[in-house]
Amino acid sequence: MADLIYNIAAIVALAGIVLSFARLILGPTIADRAVALDGMTIISISLIVFIAYYSNRVIYLDVAIVYGLISFVGIVAIARYLERGI
Amino acid sequence: MISIIIIVLGIIMILAAFLAIRLKNLLSAIISAGVISLLASVIYLLLAAPDVAMTEAAIGSGLTTIIFIFTLKKIRKGDLDD
Amino acid sequence: MIFSLILGFLLLIIGIYGMLTQKNLIKIVIGFSIVDTGTHIIIVSIGYLRGKTAPIIDSSVDIKNAVNAVVDPIPSALVLTAIVIGLAVTALMLSFIIKLYQKNRSLSVDDYQELKW
Amino acid sequence: MEMLGAIVTLAGSILLFLGALGILRMPDVYNRMQAGTKATTLGSILFLAGISIGHYECGCFGKIIIIILFVIFTNPISSNTLARAAHFAGIGLTKRSVKDDLKDDDIENRGEEK
Amino acid sequence: MIKRIFILLALLGLVLMFLPFLKDFDFHQELGDLSSQYVEGSINDLNSQNVVTSVIVTYRGLDTLGEVTVLFLATAGVGFLLRKKKTSLRSRRSSELLQTGSQFLFVLIILTGVYIFTHGHLTPGGGFQGGVLITTAFLLLILADINLKFNHSILLFVESFSGVFYVIIGLFGILLIGMNSFLDPAILPLGNFGKLLSAGAIPLIYSIIGLKVGSELTTIIDKMGGE
Amino acid sequence: MKKGFLFFISLLIVWILLAGTSQQEIIIGAIVSLLLTIIFFSKATIFSEFNLNPKAIFYFLIYIFVFSWELIKSNLDVAFRVIHPTIPINPGIVKVKTKLKSKLGRTILANSITLTPGTLTVETNGEDYYIHWIDVTSEDIEGATKQIVSKFEKYLEVIFG
């Protein structure tokens, strides 16, 4: 029972990734696309932790740590380029 | 479960690859290419290769995008130079 | 995993298509990085064995029976260094593009005719 | 205990989904950013907390706490930088907006010289 | 038009080449001989939990040395192509929030990077990933235009020193163990399986690779993004 | 000196959360944290900008609770607005004022504002913060300041002086 609920949660999160990607396709401006990318990274962190639970390996969490710490740098770089900062 | 995740993420990656090739605006194309390497690291994790997943997460989502953006910056500045 | 193998091939073909059809130099490099990712996915999925886990033998894997419980470590080791080298190669290509742009003020392949026959 | 963790995880995933829906539905960049920052932050916190509650025997509390801290630190910084850049790049607010003090005050060009 | 047809034909040929490979591809159920030898050797001889790490550092250590050399050559190429020149262009200051936040996160990223490359034999990760994390920390400073006054001679010193030290550790293997054991980790005590100080010299070698990769990629980023 | 020690301890805590509590890990973590403290503590001035007395620590704990409550409230608020068929928003960018001086305190204030109901910091300029508000209920500076900033500011003022 609990396993089933975990799987449903993962599929709902996956649907979230699909919706964000739809904004990335539609997005009229670059800022919209960057917002969609930001949303996708955060949902992916949750998905990675779910995979760690699903495969029953604690060490996969290290990947999520690196992902959570690094992925925002790309967004910051896009923003700084947009505002002509770098 | 693993097959479902791989199929959904795979469709998104293929669409993102098409967008990266097709979009006229270079920055949008770079963002789409960033999506590919972002989701590739999840796929490596599903294929039981966490080392590769960590490398791709660190390099693909951060450094590759940034190197492209630095190139665009140099080109824009060169445009304004003279 | 057959789906990831197909995904890798599709990415490879899309990347090559982009490299062949696009005129913009930066688009060509983007195509190259897509081909890179596709190749890496192919190599990793060749090393995957169904129902086995990552080659890191911690407390959740039986040490006595480790050989029958893990996937192939060699493709992982190969791809890991290939990704880092790919980043350096991309940086090198992009700096060539910057240099070319500073010289000719153009990003289109059509404007570089010196080596055409 | 496992059931409790599963329900918390499900609540988190629904919040993540609503955040993504907000990114899709909202009318302009700033409102999308509101949905994309807040809903996904609490959503991922609940998702991670639910998994570590359901599997308290794995001894992974430390790493989960670290991931949650990193998400809380980094998420507002990236949204703030992006909102500032979008406003500087001239992406306007939606027609339904009431006021725009930042545009009226015109401080953006003052800070340009390095 | 003719060009387009040629391109489509080339892609079709590629697909036809790959199709039989996809159709007849049989997934193995067992590890190959070499792989199982590596797995067993890593557990019994080297005391290293992560088999990928022991393949990279020990069994294929010479290849890794070559790869680090390729990285060095690429760095030198970028440095040669992009010489710095002064631009008088105005650029916008970063916000106060980004400046404070990146000073705060800089220390955290460096600490995590050190964790990643010292635990290469226990967790996924190692020198390459840790080096990239350290590069990202410096990149954050460039993006937030903070001047922490790190001077470039330290960077060059770290790069060349770690390269030389890498080779010296390799030569110690020949000196202490035997003719065929360049880069053998058994020059240090092997320790207990699963502890931080185990697997001989693997943590040391991987830390050195991490410093080397980090300083080289930082040089690339600095050349491409610096003013 | 005291604050340097606190910096060292917090780095060590992060290391222990990452690596676990076995003896070797703690020794290596202490060495790494000590090196990082020696190298960075004097260069980055933002780490020494807070008070260190019992009252400040008490207020810090209260602040965490207030912040968590606001975070939950904000999420339900945004979720409600997203689900609603007509998207009931009334957005705008308003200007508010803060009294905080310390850089770290101002950053924490701005990040808290970003993570709480319907507000997003867009730009800071001296004591003015420009905030995108999803549902503007008071258009003048005093009213907006009272509704957005003051609930956090009274705690942060004690902590960061």
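The values are calculated or read from the model by the stated rules, or taken from the named source; none is laboratory data. These numbers were taken from a predicted model, which means no experiment stands behind them. Cβ placement follows ideal geometry from the backbone for every residue including glycine, while neighbour counts extend to all protein chains displayed. Protein only, heavy atoms only, side chains kept; ligands, DNA and RNA dropped before computing areas. Shrake-Rupley method; radii C 1.70, N 1.55, O 1.52, S 1.80 Å.
Observations on the model:
- Per-region count, region F:88-139, residues among the aliphatic types (A, V, I, L, M), at the interface with chain D (Cβ under 7 Å from one of its Cβ atoms), surrounded by fewer than 24 Cβ atoms within 10 Å (Cβ to Cβ) and over 17 Å from residue D:37 (Cβ atoms): 1
- Check on residue A:63, of a type outside the set (Gly, Ala, Ser), open to solvent by 10 Å² or more (accessible area, probe 1.4 Å) and at pLDDT 85 or above: no
- Residue E:34 without any contact (Cβ under 8 Å) to a residue 12 or more places away in the chain, assigned to a helix (DSSP H, G or I) and either of a type in the set (Gly, Ala, Ser) or in contact with a strand residue (DSSP E or B) (Cβ under 8 Å, 6 or more places away or on another chain) (or both): no
- Restricting C:82, C:91, C:54, C:66 to those that are modelled with pLDDT under 80 and surrounded by 16 or more Cβ atoms within 10 Å (Cβ to Cβ) reduces the list to C:66.
- Count - residues of region D:6-29 that are at pLDDT below 85 and more than 7 Å from chain A (Cβ to nearest Cβ): 4
- Scanning region E:16-33 for residues that are surrounded by 12 or more Cβ atoms within 10 Å (Cβ to Cβ) and of a type in the set (A, V, I, L, M) yields E:22, E:31.
- Any chance residue E:131 is within 11 Å of chain B (Cβ to nearest Cβ) and touching a His at 6+ places or on another chain (Cβ under 7 Å): no
- No other residue among B:29, B:33, B:17 is facing another protein chain (nearest Cβ under 7 Å), open to solvent by 10 Å² or more (accessible area, probe 1.4 Å), hydrophobic (A, V, I, L, M, F, W, C) and at negative phi apart from B:33.
- Filtered residues of region F:140-157 (kept if of a type in the set (A, V, I, L, M, F, W, C) and either outside any helix (DSSP H, G or I) or surrounded by fewer than 19 Cβ atoms within 10 Å (Cβ to Cβ) (or both)): F:141, F:149
- Each residue in region C:55-78 was checked for being part of a helix (DSSP H, G or I) and under 12 Å from residue E:55 (Cβ atoms), and 6 of them qualify.
- Here the condition is being part of a helix (DSSP H, G or I), closer than 30 Å to residue B:47 by Cβ and of a type outside the set (Ser, Thr, Tyr); of E:200, E:131, E:173, it holds for E:131 alone.
- Top-ranked residue in region F:26-55 [being modelled with pLDDT of 85 or more and either under 20 Å from residue D:64 (Cα atoms) or not in a helix (DSSP H, G or I) (or both); ranked as nearest to the chain's Cα centre (by Cα)]: F:29
- Qualifying residue in region C:22-30 (condition: more than 21 Å from residue A:62 (Cβ to Cβ), assigned to a loop (DSSP other than H, G, I, E, B), open to solvent by less than 60 Å² (accessible area, probe 1.4 Å) and modelled with pLDDT of 80 or more): yes
- Every test in (1) free of Cβ contacts under 8 Å to residues at least 24 places away in the same chain; (2) surrounded by fewer than 16 Cβ atoms within 10 Å (Cβ to Cβ); (3) touching a Lys or Arg at 6+ places or on another chain (Cβ under 8 Å); (4) over 30 Å from residue E:193 (Cβ atoms) is passed by residue C:98 save one, and that test is (2).
- Condition check for residue C:48: assigned to a loop (DSSP other than H, G, I, E, B) and either within 18 Å of residue E:22 (Cβ to Cβ) or within 8 Å of chain E (Cβ to nearest Cβ) (or both): yes
- Condition check for residue F:5: open to solvent by 70 Å² or more (accessible area, probe 1.4 Å) and in a helix (DSSP H, G or I): yes
- Condition check for residue B:11: more than 7 Å from every other protein chain (Cβ to nearest Cβ), under 24 Å from residue A:63 (Cβ atoms) and open to solvent by 10 Å² or more (accessible area, probe 1.4 Å): yes
- Residue D:45 satisfies every condition listed in (1) at pLDDT 85 or above; (2) open to solvent by less than 10 Å² (accessible area, probe 1.4 Å) except (2).
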